[in-house]
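Okay, structure first, notes after.
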Amino acid sequence: MTANAAPKRALIVIDVQNEYFTGNLPIEYPDPQQTVANIGTAMDTAHAANIPVIVVQQTSPASSPLFAIDSEGWQLHPVVATRPHDHYLRKTLPSAYPETDLAQWLQNRGIDTLTVVGYMTHNCDASTINHALHNGTAVEFLLDASGAIPYRNQAGTASAEEIHRVFSVVLQSRFAAVMSTQEWVHSVQSGVAPVRDNIYKSNQRARGLLQDAVIQQAA
């Protein structure tokens, strides 16, 4: 994609399944009812703009405590299940790429920009975003159409808010253009390019060595 060319997007809707709402892995931050509504808005916007929609479904063996195939938790959330899509993928790994035809499907359609929504921010979203970047695809991440859960393990404890916030900041520093759903809708409808950043400037700002237009606009 050249600097002045309009992006040729696809929207990928990752693992929007009942497990994250009524099952054993409830999303805690942001509010899952708001994020799933934003996912519906993104899908509707994509459909109206002729942006292809890819739906991904995490799948585990029937004995698994999470995403057991054909269980209620494995089923797609109604917001996604009742909306049209152009491609459907099942996976068992975090990234939507390695077990599927995603890379070839995007290449065959000339897609150069992948917009990511769904769950979880720090797991399947981040893995897919990193994989897309390494494949040479530009990425957009809608931070209010995704979400996280809290963790406690041998490495320590982190809240869902901390995980979601930190991952969003890190993704914006190199891996994706991170924005709200409404900002993305505006970009799709107006052609205004989303803000992208880099590691150097992100660190310079954090050290108080740079205050540029991005920060001034956000203030």
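Laboratory data are not the source of any read-out in this text; all were calculated from the coordinates shown. As the structure is a prediction and not an experimental result, all values here were calculated from the model. A quick note on method: Cβ atoms are made from the backbone with ideal geometry, for glycine too, and the neighbour counts reach across all protein chains shown.
Could you list, in sequence order, the residues of the stretch 187-211 that are in a helix (DSSP H, G or I), of a type outside the set (Ser, Thr, Tyr) and surrounded by 15 or more Cβ atoms within 10 Å (Cβ to Cβ)? Steps first, please.
Quick first cut of the stretch 187-211, residues in a helix (DSSP H, G or I) only: 187-190, 199-206.
If we keep only those that are of a type outside the set (Ser, Thr, Tyr) too, we end up with 188-189, 199, 201, 203-206.
Of everything in the stretch 187-211, those that are in a helix (DSSP H, G or I), of a type outside the set (Ser, Thr, Tyr) and surrounded by 15 or more Cβ atoms within 10 Å (Cβ to Cβ) turn out to be Val188, Lys201, Arg205.
Look at the stretch 1-20 and say how many of its residues are under 20 Å from Trp74 (Cβ atoms) and either aliphatic (A, V, I, L, M) or without any contact (Cβ under 8 Å) to a residue 24 or more places away in the chain (or both).
Adding up the residues that qualify gives 4.
Given the criteria in contact with a strand residue (DSSP E or B) (Cβ under 7 Å, 6 or more places away or on another chain) and charged (D, E, K, R), does Asp125 qualify? Reasoning before the result, please.
Values: in contact with a strand residue (DSSP E or B) (Cβ under 7 Å, 6 or more places away or on another chain): yes; charged (D, E, K, R): yes.
Judged against the criteria, Asp125 is a match.
Every residue in the stretch 16-50 that is under 30 Å from Val188 (Cβ atoms), of a type in the set (A, V, I, L, M) and in a loop (DSSP other than H, G, I, E, B), please.
Val16, Ile27, Ala49
Condition first: surrounded by fewer than 18 Cβ atoms within 10 Å (Cβ to Cβ), over 12 Å from Asp144 (Cα atoms) and either free of Cβ contacts under 8 Å to residues at least 40 places away in the same chain or out of contact with any helix residue (DSSP H, G or I) (no Cβ under 6 Å at 6 or more places or on another chain) (or both). Now tell me which residues in the stretch 21-39 satisfy that.
Residues satisfying the conditions are Thr22, Asn24, Pro26.
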